[in-house]
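Notes for the one structure printed next.
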Amino acid sequence: MQCEERFVRALWQDEQIIQDLRRVRELRLPDCYIGAGYIRNYIWDDLHGYARRELHSDIDVVYFDAVHLQEERDIELEQGLRAASGSSKWSVKNQARMHLRNGDAPYQSTEDALRFWPERVTAVAVQLDTDDQISICAPYGLEDLYALVVRKSPAFKDAAYYNERVRNKNWQEHWPKLTIVRA
């Protein structure tokens, strides 16, 4: 079975993820996904044979809207998601302005922005379309995620930051089968 099919099948097994994807779909934001640790950690738990653990600090919602760039909009969206779900973990970021914070050239889409995330396995996001089909946004694919390999994204420039980040995250303590590739 290919990684994509396995990935989608795994996500459908978790009602909370599906419920969160439906909640985010209702926002009708352009080029919008849930990604990063919320999705990555769920797959790592599955591959380690663990019951679902809430080892993510955020439910990262990323979208791309070059017209509405105000950070206040993201804060309002977060507050709405928190109120609707009862979870304080929601984080919403318009990727059309994140290049400013990261010192990159302007991003062209959510997928383009994900290319600049520190790790390839974190640059994975999903959405639920109007036909209830899961769409995957993973500019580096899913192979590293399923091989349990953490490596720096090619477009992420700061190797020292990447090395410090993976050290501080202490992922191997929670997922001992991981292989961390230092930059």
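Tell me, which residue of the stretch 124-159 that is among the small types (G, A, S) and not in a strand (DSSP E or B) is least open to solvent (accessible area, probe 1.4 Å)?
First, the residues of the stretch 124-159 that are among the small types (G, A, S): 125, 135, 138, 141, 147, 153, 155, 159.
From what's left, not in a strand (DSSP E or B): 138, 141, 147, 153, 155, 159.
On the way: A138: 22, G141: 22, A147: 60, S153: 0, A155: 29, A159: 34 Å².
The selected residue is S153.
I'd like to check something: does the stretch 113-120 contain any residue that is farther than 11 Å from A183 by Cα, basic (K, R) and at pLDDT 95 or above? Talk me through it step by step, then tell me what you get.
In the first step, residues of the stretch 113-120 are kept if they are farther than 11 Å from A183 by Cα; the result is 113-117, 120.
Now restrict to residues that are basic (K, R): 115, 120.
Checking which are at pLDDT 95 or above leaves us with 115, 120.
So far as the stretch 113-120 goes, yes, one or more of its residues are farther than 11 Å from A183 by Cα, basic (K, R) and at pLDDT 95 or above.
With the structure loaded, tell me whether R101 is open to solvent by 70 Å² or more (accessible area, probe 1.4 Å), closer than 22 Å to K169 by Cα, at pLDDT below 95 and among the basic types (K, R) or whether it fails that test. Yes, satisfied. Considering the stretch 85-98, the residues that are open to solvent by 10 Å² or more (accessible area, probe 1.4 Å) and in a strand (DSSP E or B) include one that is nearest to C32 (Cα to Cα), namely K93.
Quick check on R40: is it at pLDDT 95 or above and within 23 Å of W117 (Cα to Cα)? The answer is yes for R40. Counting only helices (runs of 4 or more DSSP H) wholly contained in the stretch 1-81, the ones carrying 2 or more residues that are surrounded by 12 or more Cβ atoms within 10 Å (Cβ to Cβ) and among the β-branched types (V, I, T) occupy 15-25, 37-47.
On the basis of being without any contact (Cβ under 8 Å) to a residue 60 or more places away in the chain, part of a helix (DSSP H, G or I), out of contact with any Gly (no Cβ under 9 Å at 6 or more places or on another chain) and more than 23 Å from D20 (Cβ to Cβ), does Y162 make the cut? Yes: the conditions hold for Y162.
Results for (1) without any contact (Cβ under 8 Å) to a residue 40 or more places away in the chain; (2) aromatic (F, W, Y); (3) within 24 Å of F156 (Cβ to Cβ), shown as yes or no for each residue.
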| site | (1), (2), (3) |
| --- | --- |
| C32 | no, no, yes |
| A36 | no, no, yes |
| W44 | no, yes, yes |
| G49 | yes, no, no |
| E72 | yes, no, no |
| T110 | no, no, yes |
| L114 | no, no, yes |
| D129 | no, no, no |
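The values are calculated or read from the model by the stated rules, or taken from the named source; none is laboratory data. Every value quoted in this text rests on a predicted model; they were computed, and no experiment measured them. Counting neighbours? That spans all protein chains shown, and the Cβs are built from the backbone with ideal geometry, glycine included. These accessible areas exclude ligands, DNA and RNA; they are computed on the full protein's heavy atoms, side chains included. Shrake-Rupley method; radii C 1.70, N 1.55, O 1.52, S 1.80 Å.
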